[in-house]
Amino acid sequence: MVTYAAAKPDPKRTPGIIPLHGEDGFEGMRKAGALAAQALDMLYEFAQPGVTTAELDRRALEFALDNNAVPATLNYRGYRHSICTSINHVVCHGIPNEKPLKNGDIVNIDITLIVDGWHGDTSRMFPIGDISRKAERLIEVTYESLDRALAIAKPGNTTGDIGHAIQSFAEAERCGVVRDFVGHGLGRLFHDEPNILHFGDPGTGPELKAGMIFTIEPMINLGRPDVKVLGDGWTAVTRDRTLSAQCEHSIGITEHGCEIFTQSPNGLFNPLEARR
Ligand code: MF3
Ligand code: CO
Ligand code: CO
């Protein structure tokens with residue numbers, strides 16, 4: 001499995017130790033998460049046929065700098081952009097370019113903004129014009145899998161319960177769950193402990209405790225789970241070239257559940273609900 005930890009751990013990351021954050025961490029994450037969500041809301045009206053992902057990237061950078069934030073991906077391990085734009089069969093880490101979006105494309109835009117040292121990481125799907133019924137169904141399954149995970153993200157449950165909630169639902173819908181990329185702890189670090197697998201068995205993995213802060217970011221394919229990374233070293237695509245979708249929230253575990261730091265202020269997180 002390719003995890004950031006395996007690739008090259010952040011020197012400030014302590015393997016096996018899951019940080020527990022206090023009110024200052026939650027307050028920092030609220031600000032960073034809200035700004036990242038606001039950035040995606042801002043991009044909503046621009047994600048149209050004919051617009052390039054490079055233009056969306058420029059708008060994201062401008063938005064960040066205007067709001068005293070820095071995109072965490074800019075110069076991160078050689079990545080040179082403020083967002084990832086993953087189109088159709090691209091699973092994640094698509095690199096913005098000068099190719100116009102086409103009617104019917106489905107695009108995941110993933111942004112992480114650093115505000116006062118805290119990382120707000122979120123992604124959603126942007127349907128471009130009119131999309132196919134099967135693309136719509138994939139987006140529905142992906143969002144419901146995240147919803148089911150959020151509903152059980154509470155003290156006493158484990159990271160494996162989160163993975164199982166996503167996998168059991170997505171596979172019952174005959175979709176494939178990507179194994180090669182995982183959710184992650186975050187805070188002052190971009191990628192910290194724990195790894196949040198989007199598959200797994202109930203009761204396995206670390207127990208969730210109030211104060212843990214991490215992302216859940218399932219990548220769901222219409223076909224097989226297998227991915228390959230293209231020659232640019234970033235772009236991950238489905239091996240069978242079927243469509244892939246993803247959505248991501250940054251959350252903090254509370255006494256009785258979780259707080260979602262990256263809610264859309266304008267109700268635009270789920271594009272199918274936003275359009276209704
Ligand atoms: N935001 C992505 C995540 O959800 C990470 C992107 S790293 C990049 O963890 F370098 F590809 F941008
Ligand atoms: Co993430
Ligand atoms: Co992200």
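Could you check the stretch 88-113 and list, in sequence order, the residues that are assigned to a strand (DSSP E or B) and crowded, with 20+ Cβ neighbours inside 10 Å? Passing the criteria: 90, 91, 92, 106, 107, 108, 109, 110, 111, 112, 113. Which of the residues spanning the stretch 240-259 are surrounded by 15 or more Cβ atoms within 10 Å (Cβ to Cβ) and not in a strand (DSSP E or B)? Across the stretch 240-259, the qualifying residues are 242, 243, 247, 254, 257. Within the stretch 259-272, track down each residue that is within 16 Å of ligand 2 (Cβ to nearest atom) and closer than 12 Å to residue 146 by Cβ. Answer for the stretch 259-272, where residues must be within 16 Å of ligand 2 (Cβ to nearest atom) and closer than 12 Å to residue 146 by Cβ: 260, 262, 269. Among the residues making up the stretch 76-119, those that are touching a Pro at 6+ places or on another chain (Cβ under 9 Å) and over 17 Å from residue 65 (Cα atoms) are 84, 85, 100, 101, 102, 103, 104, 105, 106, 107.
Kindly evaluate residue 10 against the criterion of being within 16 Å of ligand 1 (Cβ to nearest atom), surrounded by fewer than 18 Cβ atoms within 10 Å (Cβ to Cβ) and among the charged types (D, E, K, R). Don't jump to the end; show me each part of the working.
Details: within 16 Å of ligand 1 (Cβ to nearest atom): yes; surrounded by fewer than 18 Cβ atoms within 10 Å (Cβ to Cβ): yes; among the charged types (D, E, K, R): yes.
In short, yes.
Would you mind stating whether residue 131 is away from ligand 1 (no atom under 13 Å from the Cβ), of a type outside the set (Gly, Ala, Ser) and assigned to a helix (DSSP H, G or I)? No; evaluated as a whole, the condition is false for this residue. Within the stretch 61-80, the set of residues being over 16 Å from the mean Cα position of the chain (by Cα) and not in a loop (DSSP other than H, G, I, E, B) comprises 61, 62, 63, 64, 65, 66, 70, 76, 79. You will find that of 213, 196, the residue that is more than 22 Å from residue 137 (Cα to Cα), without any contact (Cβ under 8 Å) to a residue 60 or more places away in the chain and in contact with a strand residue (DSSP E or B) (Cβ under 6 Å, 6 or more places away or on another chain) is 196 and no other. Can we say residue 166 is buried (at least 22 other Cβ atoms within 10 Å of the Cβ) and free of Cβ contacts under 8 Å to residues at least 60 places away in the same chain? Yes: the conditions hold for residue 166. All conditions in (1) in contact with a strand residue (DSSP E or B) (Cβ under 8 Å, 6 or more places away or on another chain); (2) within 13 Å of ligand 3 (Cβ to nearest atom); (3) touching a residue at least 60 places away in the same chain (Cβ under 8 Å) hold for residue 85, with the sole exception of (3).
Just checking: which of the strands (runs of 3 or more DSSP E) contained wholly in the stretch 178-218 hold 1 or more residues that are surrounded by fewer than 22 Cβ atoms within 10 Å (Cβ to Cβ) and out of contact with any Phe, Trp or Tyr (no Cβ under 6 Å at 6 or more places or on another chain)? Working first, answer last.
Working: elements: 183-185, 192-196, 213-216.
Because the criterion is at least 1 residues that are surrounded by fewer than 22 Cβ atoms within 10 Å (Cβ to Cβ) and out of contact with any Phe, Trp or Tyr (no Cβ under 6 Å at 6 or more places or on another chain), the strands (runs of 3 or more DSSP E) in the stretch 178-218 that meet it are 192-196.
Do we find a residue being within 18 Å of residue 32 (Cα to Cα) and either within 16 Å of ligand 3 (Cβ to nearest atom) or in contact (Cβ under 8 Å) with a residue 24 or more places away in the chain (or both) anywhere in the stretch 123-136? Don't jump to the end; show me each part of the working.
Initially, the stretch 123-136 is screened for residues within 18 Å of residue 32 (Cα to Cα), giving 123-124.
Applying the additional criterion that residues be either within 16 Å of ligand 3 (Cβ to nearest atom) or in contact (Cβ under 8 Å) with a residue 24 or more places away in the chain (or both) yields 123-124.
Checked against the condition, which is being within 18 Å of residue 32 (Cα to Cα) and either within 16 Å of ligand 3 (Cβ to nearest atom) or in contact (Cβ under 8 Å) with a residue 24 or more places away in the chain (or both), the stretch 123-136 yields at least one hit.
Readers should treat all values here as calculations from the given coordinates under stated rules, not as data from a laboratory. Being a predicted model, the structure only gives us computed values, none of them experimental. Glycine gets a Cβ as well: all are built from the backbone with ideal geometry, and neighbour counts include every protein chain shown.
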